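Note sheet for the following structure.
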Amino acid sequence: MDLLRRLGRAAVCILAACTSFACAGGGEYPSENERLLALEKEARMVEQSLLALADENAELRDELAILREQSDHVEPQEGAEAAGEHEEEVAGLEAEQEEQLTILVESRVHTVERLVDLDARVEQLEEIASKVESVLPSAEHWSKGKDEASSPAGTALGRTVRLVEESGGEVHYIDHPEREDPSVLVLPPATVVGETPLVVSLHGYGGDSAIQSMYVPLHERVNDDGFALLLPNGSHDGDGNRFWNPTDQCCDSAKAGRDDVAYLTEVVARAEELFDFGPVYFFGYSNGGVMSYHIACKGLPGLRAVASLAGTSYVEDAVCHSALPVSVLHIHGTEDNVIFFEGDTSDPDPEGAGKTAFYAGAQEMMMRWSRRAGCDWPGQPHPYATLDLDRHVAAAETRAFRLESRCADGIEIELWMSVGSSHAPGYDDAFVDALVDWLLSQE
């Protein structure tokens, strides 16, 4: 059943395989929605097949256990021969026993063959599931019906609250006049005035706070690790997809004019009116990672560190020239085919009169934030550790690089380069543990 849990979790957390870099102007084609809908259908068929296979697997293993028990009880009946029974009766008994053993052996062989075939089919389905999750934004997002969408439990807010409450979290609501839904604030059992850290987690393009929480369940760590968690939602674009605007200006009329720096700054301030928090940390996935960098560029009060997964910043960096130094953790897969690890400056922005207005690569981001902290990111860095975080990639795939000396006091600049990982790595508890440890160490 572990495979089923992995599939279910992946199907709702791959947020932006088609157009994750919101406001970057590219990567979306007329046939993309049809392709994603077809893949969603395939994912549902995979899930149904896996459920059926799991039941069949259990039945076969029960059957095999019974056959083994039966074969163990088939014993030579030496008593008949020892008592001087007739040779014909002895021969008949031996023939009957041999026939029973033959039937049992054949049954066991057949059952084992069926189990082997079952395992092979499960592997095939897992390959299909892996292909689907690499491009499917969210099965929940695409399949959500009108009735579900109109009910409180079916909204991003309702689903987020349910996840938090199921993990034992204490829910508070942070309202804002420019957003339909309030943000969810999760508090630990005990808070310390001026010290309890606040982590803000930002979803990717097309996602929401619930999907973000399913992909990277920081809410499950609040009680044990003693931090507060803020889960806001971006606004909707013209296609109904939630997004963050990580620029001072944006690229089309549906997205222009939304000042998410002001919105997030005010939401954090309203949360701090209820509780006096300590340092503030931002974590974002994809478009949320881009927004986290933009928040750092604009200098949110109390911001101590930013962690970005599969997110980056624009090549044009003028809006960030006056940014104060903060600790930065950049997490990126080398096989990310949505936001390239090396960046992308080759394609002209179709709405920018031919200008290259795309994004910087991972190493460039490290150099930028190192310079802001008064230190230099080396041209050929050497990893200080190798981490096994992505279950979709064999062995330990993530090389961790760190620059903490010669930087501004207390500032760390770190890169987790996941060799072979895609735009949506298959992260689980090991990644969440490592992420929380890094964020909370930036005191």
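When the stretch 395-416 is examined, which residues are found to be open to solvent by less than 40 Å² (accessible area, probe 1.4 Å), over 13 Å from residue 374 (Cβ atoms) and not acidic (Asp, Glu)?
398, 400, 401, 415, 416, listed by residue number.
What tally of residues in the stretch 395-430 results from selecting those that are in contact with an Asp or Glu (Cβ under 8 Å, 6 or more places away or on another chain) and in a helix (DSSP H, G or I)?
Residues meeting the conditions: 1.
Looking at the stretch 417-426 only, could you name the residues that are within 12 Å of residue 387 (Cα to Cα) and open to solvent by less than 40 Å² (accessible area, probe 1.4 Å)?
Matches in the stretch 417-426: 417, 418.
Restricting to the stretch 204-223, name every residue that is surrounded by 24 or more Cβ atoms within 10 Å (Cβ to Cβ) and farther than 17 Å from residue 439 by Cβ.
204, 205, 206, 207, 208, 209, 210, 211
Take the residues in the stretch 224-242 that are in contact (Cβ under 8 Å) with a residue 12 or more places away in the chain and of a type in the set (Gly, Ala, Ser), then tell me which one is surrounded by the most Cβ atoms within 10 Å (Cβ to Cβ).
Across the stretch 224-242, the extreme among qualifying residues is 234.
Give me the pairs, please: first residue somewhere in the stretch 429-440 and in contact (Cβ under 8 Å) with a residue 12 or more places away in the chain and more than 15 Å from residue 413 (Cα to Cα), second residue anywhere and open to solvent by 30 Å² or more (accessible area, probe 1.4 Å) and not in a helix (DSSP H, G or I), beta-carbon distance under 9 Å, and either six or more positions apart or on two chains.
Cβ pairs passing all conditions: 430/387; 430/388; 430/391; 431/387; 434/387.
Just give me the residues in the stretch 383-394 being closer than 20 Å to residue 335 by Cα, part of a loop (DSSP other than H, G, I, E, B) and open to solvent by 70 Å² or more (accessible area, probe 1.4 Å), in sequence order.
Selection gives 388, 391, 392, 394.
The values are calculated or read from the model by the stated rules, or taken from the named source; none is laboratory data. Keep in mind that what you see is a predicted model, and the values were worked out from it rather than measured. FYI the Cβ positions are ideal-geometry reconstructions off the backbone, even for glycines, and counts take in every protein chain you see. Note: areas computed on protein heavy atoms with side chains; ligands, DNA, RNA excluded. Shrake-Rupley method; radii C 1.70, N 1.55, O 1.52, S 1.80 Å.
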